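Below is one structure, written out as structure tokens, with a few remarks after it.
The values are calculated or read from the model by the stated rules, or taken from the named source; none is laboratory data. Note that the structure is a prediction, hence the values are computed from the model and not measured. Methodologically, a virtual Cβ is constructed for each residue, glycine included, from the backbone with ideal geometry; neighbour enumeration extends over all protein chains shown. For the accessible areas, the whole protein counts, side chains as well, though only heavy atoms, and no ligand, DNA or RNA atoms are used. Shrake-Rupley method; radii C 1.70, N 1.55, O 1.52, S 1.80 Å.
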Amino acid sequence: MLGKWFNFRNKEILRQPTAQLFIMPLPINTREKLIRFFVTGTILMTGFFLHAQKMNEDSLKRVIREAKEDTTRIDAMLLYGNYLFRGKNEDSAAFAMFSSAKYQAEQANYVGGRAQALLFIGNYYGDQSDWSGAINAYDSILKIADKIPDETARKRAIRGAYNNLGGIYNKNGDFTSSLEYRLKCLQVIESMPSHNPNELAIASINAASDYRQLKEFGKAEQYINKITPIFSNLQDRIKLEYFFEYYSIALAGKENEKAQQVLYRFDSILQVSNFSEMQKKDYSLLSQKLHGVYEMEYRNDYKKALIHFTAVLPLAKELGVNREIGEANYNLGWASYWDGKYQNAIDYLNTAYTIATENDLKNQAYKAADLLSFAYKKMNSMAKALEFSHSALALKDSVVTEDANRQLNFLDARYQSEKKERAIATLQTENQAKEFVIRKKNWFIIGG
């Protein structure tokens with residue numbers, strides 16, 4: 001996967017009894033939380049695309065130990081650190097490697113290496129929801145990028161910073177600021193002498209996503225259509241990303257039949273793609289989930305939705321992702337409830353609730369508890385209905401509080417970043433004024 005640009009794994013489609021579509025760092029709740037950090041994320045990883053399965057740790061360690069050129073050693077440190085971070089989930093070790101590489105790049109005056117280290121450090125902070133640390137790291141790239149001698153490397157650094165800043169604002173629901181950075185990212189990519197069509201497509205998809213979130217559907221379609229001329233040159237996974245966003249734009253614009261046709265095209269790419277077995281399962285899971293939600297929300301065909309959701313559960317178990325397993329059970333319970341099979345709904349929803357509570361998935365637990373209260377009421381089990389109603393209320397309060405705290409932390413991070421920028425600007429102005437006074441004194445002495 002491209003850093004965190006694409007990760008179909010964080011998508012959740014959890015629905016309430018009211019058959020309404022929740023459109024989410026992506027569209028339908030399915031994956032908006034995804035954050036296109038790809039998104040957030042870190043998608044345009046200025047330099048290295050990680051292929052963990054091909055990584056030769058011993059070779060990299062040897063280069064780090066024995067390299068005579070500073071730039072070679074620093075590049076190897078960054079590549080190895082990103083492998084630790086993305087490939088092995090060894091966050092602390094990765095951060096130590098990034099920090100060491102940044103220090104050595106500063107000592108060697110290797111600005112490109114310093115920018116790359118800052119990008120990875122920002123990604124680390126973003127993963128920890130340390131928005132202040134992430135924003136400061138990406139802003140630091142923009143401050144030093146003009147000192148990178150190679151034009152292509154310079155633009156890659158700027159591109160990565162803009163993209164990932166956009167990802168942070170997207171994840172925190174500020175789609176206006178997200179769009180501002182993502183349009184800058186796209187502009188940088190388009191200005192590069194030979195831009196990668198996959199990167200151009202990703203940036204266009206991200207801009208389209210933000211426009212959709214801002215309910216500017218015409219603009220969203222304008223940017224998604226930028227991809228049409230280069231579609232045949234895209235990697236299969238980016239073609240799927242394109243269709244996913246196109247599907248979401250069509251749904252948001254109430255073009256339901258068009259959305260369904262786009263979903264079929266998504267399936268056609270999946271059938272002929274050259275993915276690994278795990279990737280095929282992941283994308284197949286998403287496809288079945290989307291089809292199930294479409295049947296629930298737009299056709300009210302609950303039996304057909306059950307067929308799709310039933311296909312999701314074994315895929316989720318094979319992938320071994322608890323969130324997906326819990327969500328699959330929830331969706332089966334959701335469809336069963338609307339199909340009038342209340343006992344089946346209760347069985348699935350209890351499983352979803354147990355998985356969610358055991359894995360601290362509070363939003364998922366809240367939705368399962370809430371629907372369980374309705375299902376038990378249908379079965380005239382009023383005591384159970386009341387029990388889960390109380391549980392749902394408590395979970396909802398907890399989710400709302402956590403979301404509010406997250407938002408406050410983000411706003412504080414943004415305020416601190418802006419405050420720091422103002423302080424730097426003030427200091428620069430004061431220094432310039434002092435320098436002018438000194439020059440005037442010198443002129444006076446010379447003239448005198």
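Structure notes:
- When the range 125-148 is filtered for residues that are outside any helix (DSSP H, G or I) and modelled with pLDDT under 95, the ones remaining, listed by number, are Q128, S129, D130.
- Residues that are among the hydrophobic types (A, V, I, L, M, F, W, C), under 19 Å from S284 (Cβ atoms) and buried (at least 24 other Cβ atoms within 10 Å of the Cβ), drawn from the range 318-337: A328, L332, A335
- Test for L393: is it among the hydrophobic types (A, V, I, L, M, F, W, C), out of contact with any Pro (no Cβ under 8 Å at 6 or more places or on another chain) and either part of a loop (DSSP other than H, G, I, E, B) or open to solvent by 40 Å² or more (accessible area, probe 1.4 Å) (or both): yes
- Verdict on S140 being surrounded by fewer than 24 Cβ atoms within 10 Å (Cβ to Cβ) and under 23 Å from N172 (Cβ atoms): yes
- Among the candidates M97, M77, the residue that is under 19 Å from L119 (Cβ atoms) and touching a Ser or Thr at 6+ places or on another chain (Cβ under 8 Å) is uniquely M77.
- Verdict on S373 being under 14 Å from A345 (Cβ atoms), in a helix (DSSP H, G or I) and open to solvent by less than 90 Å² (accessible area, probe 1.4 Å): yes
- For the residues F243, F309, F266, the requirement of being surrounded by 18 or more Cβ atoms within 10 Å (Cβ to Cβ) and touching a Ser or Thr at 6+ places or on another chain (Cβ under 7 Å) singles out F266.
- Residue that is modelled with the lowest pLDDT [pool: residues in the range 338-370 that are assigned to a loop (DSSP other than H, G, I, E, B), open to solvent by less than 70 Å² (accessible area, probe 1.4 Å) and more than 24 Å from R299 (Cα to Cα)]: L361
- Candidates E106, E151, E66 - the one that is modelled with pLDDT under 95 and either surrounded by 24 or more Cβ atoms within 10 Å (Cβ to Cβ) or farther than 30 Å from D210 by Cα (or both): E66
- Qualifying position, being surrounded by fewer than 21 Cβ atoms within 10 Å (Cβ to Cβ) and assigned to a helix (DSSP H, G or I), among S209, S194, S177, S204: S177
- Candidates in the range 214-236 are the residues that are assigned to a helix (DSSP H, G or I) and touching a Ser or Thr at 6+ places or on another chain (Cβ under 8 Å); of these, the one that is most open to solvent (accessible area, probe 1.4 Å) is K226.
- Every pair of residues 6+ apart whose Cβ atoms lie under 6 Å, when the first sits in the range 318-331 and is on the phi < 0 side of the Ramachandran plot while the second is of a type outside the set (A, V, I, L, M, F, W, C) and not in a helix (DSSP H, G or I): N322/N359; E327/E12
- When S99 is tested against the conditions (1) over 23 Å from the mean Cα position of the chain (by Cα); (2) small (G, A, S); (3) over 24 Å from L60 (Cα atoms), the lone failure is (3).
- Within the range 283-305, the set of residues being in contact with a Ser or Thr (Cβ under 7 Å, 6 or more places away or on another chain) and open to solvent by 30 Å² or more (accessible area, probe 1.4 Å) is empty.
- The condition (being at pLDDT 50 or above and under 17 Å from the mean Cα position of the chain (by Cα)) is satisfied by just one residue among R36, R86, R31: R86.
- Inter-residue pairs, beta-carbon under 8 Å, first closer than 13 Å to E241 by Cβ and in the range 258-269, second surrounded by fewer than 18 Cβ atoms within 10 Å (Cβ to Cβ), 6+ apart: I269/D236
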